[in-house]
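Inspection log for the structure reproduced underneath, given as C-alpha coordinates.
The values are calculated or read from the model by the stated rules, or taken from the named source; none is laboratory data. No experiment lies behind these values; they were computed from the predicted model shown. For neighbour counting, all protein chains shown are included, and Cβ atoms are generated from backbone atoms with ideal geometry for every residue, glycine included. Heavy atoms of the whole protein, side chains included, go into the accessibility calculation; ligands, DNA and RNA do not. Shrake-Rupley method; radii C 1.70, N 1.55, O 1.52, S 1.80 Å.
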Amino acid sequence: MTPTQPSRWRRRRTFMLGLGIAALLAGVVLRSNETDTPPAPEPSPVLDGTPARAEVRTTAVLPSRTEHARRPTAPPRVPAPIIDEVTVEKREVCSGEDNLISVRAHSPDGDDTHLHATIGAGSGMRVPLRVWRMADGTYELPTVTVFGKDNVATQARVPRYTVKDCEPERQVDIFSRRAPNTEEEFEFLARILERPRTGGAPTPFTPVKFVWTFDDRHSVTTSAPRVTHSLRPDPMRPAALYSQHLVKVEAFDASGKKAAGRSSLQLLDTTFENFAKKGIVTVLAVGSPRFPVEDAQGVVRQTFQLSHRWKRPVRLERVTALRSLVPEAEAPPLPEDTAEVSLGVDLLPVGQDVEVPVALDTRAEASVTHVTYLLEGTTEDGHPARGTFSIMRPPPRPTRENSTPVLDPVLLAKVKRARELLGQPFVTDEDLWRLEREGRFSDLKVQREGP
(Lines give C-alpha, C1' and ligand atoms only; values in the text may rest on other atoms or scores of the structure.)
Protein backbone atom coordinates (compact mmCIF):
# COMPACT_ATOMS: atom_id res chain seq x y z
CA MET A 1 0.00 0.00 0.00
CA THR A 2 1.39 3.46 -0.92
CA PRO A 3 1.41 6.38 1.56
CA THR A 4 -1.43 8.11 -0.33
CA GLN A 5 -3.85 5.19 -0.23
CA PRO A 6 -5.04 5.51 3.42
CA SER A 7 -5.83 9.20 2.99
CA ARG A 8 -7.90 8.50 -0.12
CA TRP A 9 -9.81 5.76 1.68
CA ARG A 10 -10.49 8.08 4.63
CA ARG A 11 -11.71 10.83 2.32
CA ARG A 12 -14.01 8.37 0.49
CA ARG A 13 -15.41 7.07 3.79
CA THR A 14 -15.99 10.61 5.03
CA PHE A 15 -17.76 11.49 1.76
CA MET A 16 -20.02 8.40 1.95
CA LEU A 17 -20.79 9.11 5.60
CA GLY A 18 -21.82 12.68 4.66
CA LEU A 19 -24.15 11.38 1.94
CA GLY A 20 -25.77 9.01 4.43
CA ILE A 21 -26.32 11.77 6.97
CA ALA A 22 -27.79 14.06 4.27
CA ALA A 23 -30.14 11.33 3.10
CA LEU A 24 -31.21 10.65 6.69
CA LEU A 25 -31.91 14.34 7.31
CA ALA A 26 -33.88 14.58 4.06
CA GLY A 27 -35.98 11.60 5.10
CA VAL A 28 -36.71 13.20 8.46
CA VAL A 29 -37.80 16.46 6.79
CA LEU A 30 -39.96 14.59 4.28
CA ARG A 31 -41.72 12.58 7.00
CA SER A 32 -42.26 15.71 9.10
CA ASN A 33 -44.04 17.40 6.14
CA GLU A 34 -46.25 14.38 5.33
CA THR A 35 -47.37 13.21 8.73
CA ASP A 36 -50.74 12.07 7.32
CA THR A 37 -49.20 9.87 4.63
CA PRO A 38 -48.34 6.29 5.67
CA PRO A 39 -44.67 5.28 5.27
CA ALA A 40 -43.59 3.39 2.19
CA PRO A 41 -42.88 -0.32 2.67
CA GLU A 42 -39.37 -1.17 3.79
CA PRO A 43 -37.02 -2.51 1.07
CA SER A 44 -36.08 -6.16 1.04
CA PRO A 45 -32.94 -6.97 3.07
CA VAL A 46 -29.74 -7.52 1.10
CA LEU A 47 -27.44 -10.43 1.99
CA ASP A 48 -24.07 -10.61 0.26
CA GLY A 49 -25.30 -8.32 -2.53
CA THR A 50 -28.27 -10.56 -3.42
CA PRO A 51 -31.82 -9.49 -2.58
CA ALA A 52 -33.52 -11.91 -0.24
CA ARG A 53 -36.90 -13.31 -1.31
CA ALA A 54 -39.71 -11.68 0.65
CA GLU A 55 -43.49 -11.79 0.67
CA VAL A 56 -44.95 -9.44 -1.94
CA ARG A 57 -47.66 -7.10 -0.56
CA THR A 58 -49.62 -4.28 -2.15
CA THR A 59 -49.78 -1.20 0.03
CA ALA A 60 -52.60 1.27 -0.61
CA VAL A 61 -51.47 4.85 -0.11
CA LEU A 62 -54.36 6.80 1.46
CA PRO A 63 -54.80 10.52 0.69
CA SER A 64 -54.04 13.06 3.35
CA ARG A 65 -56.85 14.78 5.27
CA THR A 66 -56.47 17.95 3.23
CA GLU A 67 -56.53 16.04 -0.06
CA HIS A 68 -59.64 14.13 1.07
CA ALA A 69 -61.40 17.40 1.92
CA ARG A 70 -60.62 18.84 -1.54
CA ARG A 71 -61.80 15.79 -3.48
CA PRO A 72 -65.45 16.20 -4.67
CA THR A 73 -67.84 13.45 -3.73
CA ALA A 74 -70.00 11.95 -6.48
CA PRO A 75 -73.72 12.64 -6.01
CA PRO A 76 -75.85 9.59 -5.33
CA ARG A 77 -77.35 8.03 -8.44
CA VAL A 78 -80.99 8.98 -9.02
CA PRO A 79 -83.16 5.86 -9.30
CA ALA A 80 -85.13 5.40 -12.52
CA PRO A 81 -88.93 5.60 -12.22
CA ILE A 82 -90.99 2.43 -12.28
CA ILE A 83 -93.93 2.17 -14.69
CA ASP A 84 -96.77 0.48 -12.82
CA GLU A 85 -99.39 0.39 -15.55
CA VAL A 86 -100.17 1.60 -19.07
CA THR A 87 -103.84 1.39 -20.02
CA VAL A 88 -105.77 2.06 -23.24
CA GLU A 89 -109.28 3.48 -23.37
CA LYS A 90 -110.56 1.30 -26.27
CA ARG A 91 -109.42 -2.07 -27.55
CA GLU A 92 -110.45 -1.20 -31.13
CA VAL A 93 -110.36 2.13 -32.99
CA CYS A 94 -110.51 3.29 -36.59
CA SER A 95 -107.39 4.53 -38.34
CA GLY A 96 -106.77 8.10 -37.14
CA GLU A 97 -109.28 7.90 -34.29
CA ASP A 98 -107.83 8.96 -30.94
CA ASN A 99 -107.44 6.48 -28.09
CA LEU A 100 -106.68 7.78 -24.61
CA ILE A 101 -103.47 6.23 -23.21
CA SER A 102 -102.97 6.58 -19.43
CA VAL A 103 -99.75 5.95 -17.51
CA ARG A 104 -99.30 5.25 -13.81
CA ALA A 105 -95.76 5.29 -12.40
CA HIS A 106 -93.79 5.93 -9.22
CA SER A 107 -90.23 6.63 -8.07
CA PRO A 108 -88.46 4.01 -5.92
CA ASP A 109 -87.30 6.67 -3.45
CA GLY A 110 -90.88 7.88 -2.89
CA ASP A 111 -90.35 11.30 -4.52
CA ASP A 112 -92.91 11.41 -7.34
CA THR A 113 -92.85 15.20 -7.72
CA HIS A 114 -90.58 15.11 -10.81
CA LEU A 115 -92.52 12.50 -12.79
CA HIS A 116 -93.57 13.40 -16.34
CA ALA A 117 -94.04 11.40 -19.51
CA THR A 118 -94.23 11.32 -23.29
CA ILE A 119 -96.41 8.95 -25.29
CA GLY A 120 -95.40 8.93 -28.91
CA ALA A 121 -95.38 12.56 -30.08
CA GLY A 122 -97.65 13.67 -27.19
CA SER A 123 -96.62 14.74 -23.72
CA GLY A 124 -98.42 13.98 -20.49
CA MET A 125 -99.54 11.12 -18.29
CA ARG A 126 -102.80 10.94 -20.31
CA VAL A 127 -102.47 11.41 -24.06
CA PRO A 128 -105.15 11.01 -26.78
CA LEU A 129 -103.09 8.97 -29.24
CA ARG A 130 -103.82 8.72 -32.97
CA VAL A 131 -102.45 5.80 -35.00
CA TRP A 132 -102.88 5.37 -38.75
CA ARG A 133 -102.82 2.15 -40.74
CA MET A 134 -100.25 1.95 -43.52
CA ALA A 135 -101.17 1.02 -47.10
CA ASP A 136 -100.23 -2.59 -46.41
CA GLY A 137 -102.49 -2.75 -43.37
CA THR A 138 -99.71 -2.55 -40.77
CA TYR A 139 -99.42 0.02 -38.00
CA GLU A 140 -97.01 0.70 -35.15
CA LEU A 141 -97.80 1.61 -31.58
CA PRO A 142 -95.34 4.06 -30.02
CA THR A 143 -93.27 4.00 -26.86
CA VAL A 144 -94.12 5.38 -23.42
CA THR A 145 -91.24 7.20 -21.70
CA VAL A 146 -91.54 8.21 -18.05
CA PHE A 147 -88.99 10.67 -16.67
CA GLY A 148 -88.00 11.12 -13.04
CA LYS A 149 -85.61 13.44 -11.25
CA ASP A 150 -82.70 14.66 -13.41
CA ASN A 151 -84.65 13.23 -16.38
CA VAL A 152 -83.66 9.63 -15.61
CA ALA A 153 -86.13 7.67 -17.74
CA THR A 154 -87.85 4.30 -18.12
CA GLN A 155 -89.58 3.11 -21.29
CA ALA A 156 -92.39 0.70 -22.12
CA ARG A 157 -94.50 -0.11 -25.16
CA VAL A 158 -98.13 0.94 -25.51
CA PRO A 159 -100.30 -2.17 -24.97
CA ARG A 160 -101.45 -3.74 -28.19
CA TYR A 161 -104.86 -2.71 -29.53
CA THR A 162 -106.51 -3.06 -32.94
CA VAL A 163 -106.54 -0.28 -35.52
CA LYS A 164 -109.29 -1.12 -38.00
CA ASP A 165 -109.51 -0.31 -41.70
CA CYS A 166 -111.91 2.61 -41.31
CA GLU A 167 -111.63 6.35 -40.74
CA PRO A 168 -113.79 8.81 -38.77
CA GLU A 169 -115.94 11.13 -40.85
CA ARG A 170 -114.17 14.17 -39.44
CA GLN A 171 -111.56 15.07 -36.83
CA VAL A 172 -111.35 17.91 -34.36
CA ASP A 173 -107.91 19.25 -33.50
CA ILE A 174 -107.29 21.50 -30.49
CA PHE A 175 -104.52 24.07 -30.62
CA SER A 176 -103.39 25.93 -27.50
CA ARG A 177 -101.04 28.69 -26.43
CA ARG A 178 -100.39 30.76 -23.35
CA ALA A 179 -102.21 34.09 -23.47
CA PRO A 180 -99.88 37.14 -23.67
CA ASN A 181 -98.99 38.87 -20.39
CA THR A 182 -100.33 36.04 -18.25
CA GLU A 183 -98.99 33.13 -16.24
CA GLU A 184 -101.90 30.69 -16.25
CA GLU A 185 -104.40 31.85 -18.91
CA PHE A 186 -104.44 29.73 -22.07
CA GLU A 187 -106.23 30.18 -25.37
CA PHE A 188 -107.70 27.11 -27.08
CA LEU A 189 -108.81 26.88 -30.70
CA ALA A 190 -110.80 24.02 -32.26
CA ARG A 191 -110.28 23.21 -35.93
CA ILE A 192 -112.50 20.71 -37.75
CA LEU A 193 -110.92 18.61 -40.50
CA GLU A 194 -113.18 16.80 -42.95
CA ARG A 195 -112.03 13.47 -44.34
CA PRO A 196 -111.40 13.64 -48.11
CA ARG A 197 -114.00 11.71 -50.07
CA THR A 198 -113.54 10.09 -53.46
CA GLY A 199 -117.21 10.03 -54.42
CA GLY A 200 -118.97 13.38 -54.00
CA ALA A 201 -118.62 16.30 -51.62
CA PRO A 202 -118.46 15.75 -47.85
CA THR A 203 -121.54 16.13 -45.73
CA PRO A 204 -121.66 19.78 -44.59
CA PHE A 205 -120.99 20.29 -40.90
CA THR A 206 -121.31 23.82 -39.56
CA PRO A 207 -120.92 24.01 -35.77
CA VAL A 208 -123.06 26.46 -33.86
CA LYS A 209 -121.97 25.46 -30.35
CA PHE A 210 -118.74 24.29 -28.71
CA VAL A 211 -118.68 22.63 -25.29
CA TRP A 212 -115.23 22.66 -23.69
CA THR A 213 -114.34 20.40 -20.74
CA PHE A 214 -111.14 20.88 -18.76
CA ASP A 215 -109.65 18.07 -16.66
CA ASP A 216 -113.00 16.24 -16.66
CA ARG A 217 -114.47 18.88 -14.32
CA HIS A 218 -114.95 22.43 -15.62
CA SER A 219 -117.18 23.00 -18.68
CA VAL A 220 -117.56 26.15 -20.80
CA THR A 221 -119.90 26.66 -23.78
CA THR A 222 -119.00 29.05 -26.60
CA SER A 223 -120.46 29.93 -29.99
CA ALA A 224 -117.00 30.49 -31.51
CA PRO A 225 -114.35 27.76 -31.88
CA ARG A 226 -112.12 29.32 -29.24
CA VAL A 227 -112.04 29.82 -25.49
CA THR A 228 -109.73 31.24 -22.83
CA HIS A 229 -109.33 29.26 -19.62
CA SER A 230 -107.06 29.35 -16.56
CA LEU A 231 -104.93 26.26 -15.98
CA ARG A 232 -103.78 27.10 -12.48
CA PRO A 233 -102.41 24.03 -10.66
CA ASP A 234 -104.96 22.38 -8.40
CA PRO A 235 -104.23 23.59 -4.82
CA MET A 236 -105.70 20.35 -3.43
CA ARG A 237 -103.00 18.27 -5.15
CA PRO A 238 -99.37 18.04 -3.97
CA ALA A 239 -96.97 20.41 -5.71
CA ALA A 240 -95.03 18.89 -8.60
CA LEU A 241 -92.62 19.89 -11.36
CA TYR A 242 -95.32 19.40 -14.02
CA SER A 243 -99.09 19.78 -13.95
CA GLN A 244 -101.18 17.48 -16.15
CA HIS A 245 -104.24 18.69 -18.08
CA LEU A 246 -106.68 17.10 -20.52
CA VAL A 247 -108.89 19.34 -22.68
CA LYS A 248 -111.94 18.10 -24.62
CA VAL A 249 -114.21 19.93 -27.04
CA GLU A 250 -117.52 18.81 -28.54
CA ALA A 251 -118.77 20.71 -31.58
CA PHE A 252 -122.51 20.60 -32.37
CA ASP A 253 -124.29 21.73 -35.53
CA ALA A 254 -127.89 23.00 -35.70
CA SER A 255 -129.28 19.46 -36.05
CA GLY A 256 -127.43 18.22 -32.95
CA LYS A 257 -124.78 16.26 -34.82
CA LYS A 258 -121.53 16.10 -32.87
CA ALA A 259 -117.79 15.93 -33.51
CA ALA A 260 -115.29 15.74 -30.65
CA GLY A 261 -111.56 16.08 -30.05
CA ARG A 262 -109.12 16.03 -27.15
CA SER A 263 -105.66 17.39 -26.32
CA SER A 264 -103.21 16.90 -23.46
CA LEU A 265 -100.98 19.53 -21.88
CA GLN A 266 -98.04 18.95 -19.56
CA LEU A 267 -97.07 22.32 -18.10
CA LEU A 268 -93.84 23.10 -16.30
CA ASP A 269 -94.42 24.74 -12.89
CA THR A 270 -91.61 27.31 -12.69
CA THR A 271 -92.41 28.05 -9.04
CA PHE A 272 -91.69 24.42 -8.12
CA GLU A 273 -88.55 24.42 -10.28
CA ASN A 274 -87.23 27.62 -8.65
CA PHE A 275 -87.56 26.11 -5.20
CA ALA A 276 -86.25 22.65 -6.17
CA LYS A 277 -83.11 24.05 -7.86
CA LYS A 278 -82.50 27.34 -6.05
CA GLY A 279 -84.46 27.15 -2.80
CA ILE A 280 -86.39 30.32 -3.73
CA VAL A 281 -90.14 30.77 -3.27
CA THR A 282 -91.62 32.61 -6.27
CA VAL A 283 -93.96 35.57 -5.85
CA LEU A 284 -96.36 35.69 -8.81
CA ALA A 285 -97.86 38.89 -10.25
CA VAL A 286 -100.77 39.12 -12.71
CA GLY A 287 -101.66 42.52 -14.16
CA SER A 288 -105.15 43.87 -14.83
CA PRO A 289 -105.74 44.99 -17.50
CA ARG A 290 -103.36 42.59 -19.20
CA PHE A 291 -102.17 45.30 -21.61
CA PRO A 292 -101.34 48.80 -20.31
CA VAL A 293 -103.67 51.64 -21.32
CA GLU A 294 -102.83 55.34 -21.13
CA ASP A 295 -105.67 57.63 -20.10
CA ALA A 296 -106.38 61.16 -21.36
CA GLN A 297 -104.05 62.64 -18.73
CA GLY A 298 -101.14 60.46 -19.87
CA VAL A 299 -101.22 58.15 -16.82
CA VAL A 300 -100.94 54.36 -17.10
CA ARG A 301 -102.64 52.49 -14.26
CA GLN A 302 -102.56 48.76 -13.58
CA THR A 303 -103.47 46.57 -10.65
CA PHE A 304 -101.26 43.55 -9.98
CA GLN A 305 -102.45 40.56 -8.02
CA LEU A 306 -99.58 39.20 -5.95
CA SER A 307 -99.65 35.58 -4.78
CA HIS A 308 -97.47 32.56 -4.09
CA ARG A 309 -97.89 28.79 -3.79
CA TRP A 310 -95.91 28.18 -0.63
CA LYS A 311 -97.46 26.56 2.44
CA ARG A 312 -96.54 29.45 4.75
CA PRO A 313 -97.11 33.23 4.45
CA VAL A 314 -94.52 35.42 2.74
CA ARG A 315 -93.39 38.68 4.33
CA LEU A 316 -92.20 41.35 1.88
CA GLU A 317 -89.10 43.05 3.24
CA ARG A 318 -87.87 45.13 0.32
CA VAL A 319 -89.32 46.50 -2.95
CA THR A 320 -86.99 48.13 -5.47
CA ALA A 321 -88.25 50.15 -8.43
CA LEU A 322 -86.02 50.21 -11.53
CA ARG A 323 -86.90 52.97 -13.99
CA SER A 324 -85.66 52.22 -17.51
CA LEU A 325 -84.87 55.38 -19.45
CA VAL A 326 -85.09 56.10 -23.17
CA PRO A 327 -81.57 56.24 -24.63
CA GLU A 328 -80.64 59.11 -26.88
CA ALA A 329 -80.13 58.47 -30.58
CA GLU A 330 -76.88 56.61 -31.36
CA ALA A 331 -75.99 56.52 -27.66
CA PRO A 332 -75.50 53.53 -25.34
CA PRO A 333 -78.44 52.58 -23.10
CA LEU A 334 -78.76 54.74 -20.02
CA PRO A 335 -78.36 53.15 -16.57
CA GLU A 336 -81.57 52.30 -14.75
CA ASP A 337 -82.70 54.65 -12.00
CA THR A 338 -83.06 52.53 -8.84
CA ALA A 339 -85.00 53.44 -5.71
CA GLU A 340 -86.50 51.57 -2.78
CA VAL A 341 -90.29 52.03 -2.62
CA SER A 342 -93.34 50.80 -0.71
CA LEU A 343 -96.34 49.03 -2.22
CA GLY A 344 -98.37 49.27 0.97
CA VAL A 345 -98.27 45.48 1.42
CA ASP A 346 -96.17 43.63 3.98
CA LEU A 347 -97.68 40.15 4.12
CA LEU A 348 -98.81 37.75 1.37
CA PRO A 349 -101.05 35.09 2.94
CA VAL A 350 -101.41 31.49 1.77
CA GLY A 351 -103.86 30.86 -1.09
CA GLN A 352 -105.02 34.45 -1.38
CA ASP A 353 -104.26 37.19 -3.94
CA VAL A 354 -103.28 40.66 -2.73
CA GLU A 355 -104.04 43.59 -5.06
CA VAL A 356 -101.38 46.26 -5.56
CA PRO A 357 -102.18 49.34 -7.71
CA VAL A 358 -99.30 51.07 -9.52
CA ALA A 359 -99.16 53.98 -11.96
CA LEU A 360 -96.78 55.57 -14.48
CA ASP A 361 -97.22 59.24 -15.39
CA THR A 362 -95.84 59.35 -18.93
CA ARG A 363 -95.90 63.16 -19.05
CA ALA A 364 -94.21 63.80 -15.73
CA GLU A 365 -91.64 61.06 -16.50
CA ALA A 366 -91.25 61.53 -20.23
CA SER A 367 -87.90 59.69 -20.37
CA VAL A 368 -89.13 56.53 -18.59
CA THR A 369 -90.16 53.58 -20.78
CA HIS A 370 -91.18 51.21 -17.98
CA VAL A 371 -90.81 50.64 -14.25
CA THR A 372 -89.85 47.19 -12.95
CA TYR A 373 -90.57 46.28 -9.34
CA LEU A 374 -88.26 43.75 -7.68
CA LEU A 375 -89.83 42.01 -4.68
CA GLU A 376 -87.70 40.47 -1.93
CA GLY A 377 -88.96 38.73 1.17
CA THR A 378 -88.85 35.69 3.42
CA THR A 379 -91.36 32.96 4.14
CA GLU A 380 -92.56 32.35 7.66
CA ASP A 381 -90.32 29.26 7.82
CA GLY A 382 -87.19 31.06 6.60
CA HIS A 383 -86.97 30.57 2.83
CA PRO A 384 -86.09 33.51 0.55
CA ALA A 385 -88.93 34.77 -1.65
CA ARG A 386 -88.47 36.71 -4.91
CA GLY A 387 -90.73 38.17 -7.58
CA THR A 388 -90.93 40.86 -10.25
CA PHE A 389 -93.47 42.75 -12.38
CA SER A 390 -93.41 45.80 -14.67
CA ILE A 391 -95.69 48.66 -15.68
CA MET A 392 -94.93 49.86 -19.19
CA ARG A 393 -95.57 52.85 -21.38
CA PRO A 394 -97.92 51.60 -24.15
CA PRO A 395 -97.11 52.28 -27.79
CA PRO A 396 -98.81 55.34 -29.30
CA ARG A 397 -102.26 54.86 -30.80
CA PRO A 398 -101.99 54.34 -34.56
CA THR A 399 -102.67 57.34 -36.75
CA ARG A 400 -102.07 58.12 -40.39
CA GLU A 401 -99.00 60.09 -39.42
CA ASN A 402 -97.25 57.36 -37.39
CA SER A 403 -98.41 54.32 -39.42
CA THR A 404 -97.22 52.69 -42.62
CA PRO A 405 -99.92 52.41 -45.30
CA VAL A 406 -101.11 48.88 -46.11
CA LEU A 407 -100.49 48.28 -49.82
CA ASP A 408 -100.93 44.51 -50.03
CA PRO A 409 -104.54 43.97 -51.24
CA VAL A 410 -104.88 40.65 -49.37
CA LEU A 411 -103.71 42.14 -46.08
CA LEU A 412 -105.91 45.20 -46.64
CA ALA A 413 -108.96 42.97 -47.16
CA LYS A 414 -108.17 41.09 -43.94
CA VAL A 415 -107.83 44.35 -41.99
CA LYS A 416 -111.20 45.59 -43.28
CA ARG A 417 -112.87 42.27 -42.46
CA ALA A 418 -111.31 42.23 -38.97
CA ARG A 419 -112.55 45.77 -38.23
CA GLU A 420 -116.07 44.72 -39.21
CA LEU A 421 -116.01 41.51 -37.17
CA LEU A 422 -114.51 43.08 -34.05
CA GLY A 423 -116.22 46.48 -34.27
CA GLN A 424 -112.91 48.29 -33.68
CA PRO A 425 -111.49 51.38 -35.40
CA PHE A 426 -108.12 49.60 -35.68
CA VAL A 427 -106.86 46.03 -35.32
CA THR A 428 -103.56 44.51 -34.31
CA ASP A 429 -101.46 41.69 -35.74
CA GLU A 430 -102.71 39.61 -32.81
CA ASP A 431 -106.31 40.17 -33.96
CA LEU A 432 -105.45 39.13 -37.51
CA TRP A 433 -103.62 35.99 -36.41
CA ARG A 434 -106.52 34.94 -34.17
CA LEU A 435 -109.13 35.47 -36.87
CA GLU A 436 -106.91 33.64 -39.34
CA ARG A 437 -106.73 30.62 -37.01
CA GLU A 438 -110.52 30.69 -36.69
CA GLY A 439 -110.92 30.56 -40.47
CA ARG A 440 -112.67 33.94 -40.70
CA PHE A 441 -110.75 34.88 -43.86
CA SER A 442 -111.22 31.60 -45.72
CA ASP A 443 -113.89 33.04 -48.04
CA LEU A 444 -111.96 36.19 -48.96
CA LYS A 445 -111.30 36.42 -52.70
CA VAL A 446 -108.87 39.18 -53.56
CA GLN A 447 -107.36 39.74 -56.97
CA ARG A 448 -103.70 40.63 -56.74
CA GLU A 449 -102.47 43.20 -59.19
CA GLY A 450 -99.90 42.02 -61.69
CA PRO A 451 -96.34 43.34 -61.87
Take Val406 and tell me if it is of a type in the set (Val, Ile, Thr) and within 23 Å of Thr303 (Cα to Cα).
no
Any residue at all in the stretch 270-279 that's surrounded by 12 or more Cβ atoms within 10 Å (Cβ to Cβ), in a strand (DSSP E or B) and not β-branched (Val, Ile, Thr)?
no
Under the condition of being part of a loop (DSSP other than H, G, I, E, B) and among the charged types (D, E, K, R), which residue from the stretch 398-419 is least open to solvent (accessible area, probe 1.4 Å)?
Asp408
Kindly provide the set of residues from the stretch 297-319 that are polar (S, T, N, Q), over 27 Å from the mean Cα position of the chain (by Cα) and part of a strand (DSSP E or B), ordered by number.
Gln302
Search the stretch 203-218 for residues being at pLDDT below 95 and within 13 Å of Arg262 (Cβ to Cβ), and hand back the single one that is nearest to the chain's Cα centre (by Cα).
Asp215
How about the stretch 104-135: which of its residues are open to solvent by less than 40 Å² (accessible area, probe 1.4 Å) and hydrophobic (A, V, I, L, M, F, W, C)?
Ala105, Leu115, Ala117, Ile119, Met125, Val127, Leu129, Val131
Hey, Pro395 hits all of (1) open to solvent by 60 Å² or more (accessible area, probe 1.4 Å); (2) at positive phi but one; which does it fall short on?
(2)
Kindly indicate which of Thr369, Thr378 is among the hydroxyl-bearing types (Ser, Thr, Tyr), at pLDDT 95 or above and either under 27 Å from the mean Cα position of the chain (by Cα) or not in a loop (DSSP other than H, G, I, E, B) (or both).
Thr378
Scan the stretch 177-193 and report the pairs whose first residue is under 10 Å from Arg226 (Cβ atoms) and of a type in the set (A, V, I, L, M) and whose second residue is outside any strand (DSSP E or B) and open to solvent by less than 50 Å² (accessible area, probe 1.4 Å), with Cβ atoms within less than 9 Å and a gap of 6+ or a chain change.
Leu189/Pro225; Leu189/Arg434; Leu189/Glu438; Ala190/Pro225
Could you tell me whether the stretch 245-260 includes any residue that is at pLDDT 95 or above, open to solvent by less than 50 Å² (accessible area, probe 1.4 Å), over 30 Å from Ala366 (Cα atoms) and not in a strand (DSSP E or B)?
no
With respect to the numbered conditions (1) more than 25 Å from Val146 (Cβ to Cβ); (2) open to solvent by less than 70 Å² (accessible area, probe 1.4 Å); (3) outside any loop (DSSP other than H, G, I, E, B); (4) aliphatic (A, V, I, L, M), which one is the sole condition not fulfilled by Val208?
(2)
Checked against (1) closer than 25 Å to Pro238 by Cα; (2) exposed (fewer than 14 other Cβ atoms within 10 Å of the Cβ); (3) modelled with pLDDT of 95 or more, Gln352 satisfies every condition except (3)
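One line per residue, one yes/no per condition, for (1) at negative phi; (2) modelled with pLDDT under 95; (3) among the small types (Gly, Ala, Ser); (4) open to solvent by 30 Å² or more (accessible area, probe 1.4 Å):
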residue	(1), (2), (3), (4)
Pro168	yes, yes, no, yes
Phe175	yes, yes, no, yes
Arg178	yes, yes, no, yes
Thr182	yes, yes, no, no
Arg197	yes, yes, no, yes
Ala201	yes, yes, yes, yes
Out of everything in the stretch 136-166 that is touching a Lys or Arg at 6+ places or on another chain (Cβ under 9 Å) and part of a strand (DSSP E or B), what residue ends up being most open to solvent (accessible area, probe 1.4 Å)?
Lys164
In the set Ala296, Ala285, Ala321, which member is farther than 13 Å from Pro384 by Cα, open to solvent by 70 Å² or more (accessible area, probe 1.4 Å) and either free of Cβ contacts under 8 Å to residues at least 12 places away in the same chain or of a type in the set (Gly, Ala, Ser) (or both)?
Ala296
Residue in the stretch 299-307 that is open to solvent by less than 70 Å² (accessible area, probe 1.4 Å), over 18 Å from Leu375 (Cβ atoms) and at pLDDT 90 or above present:
yes
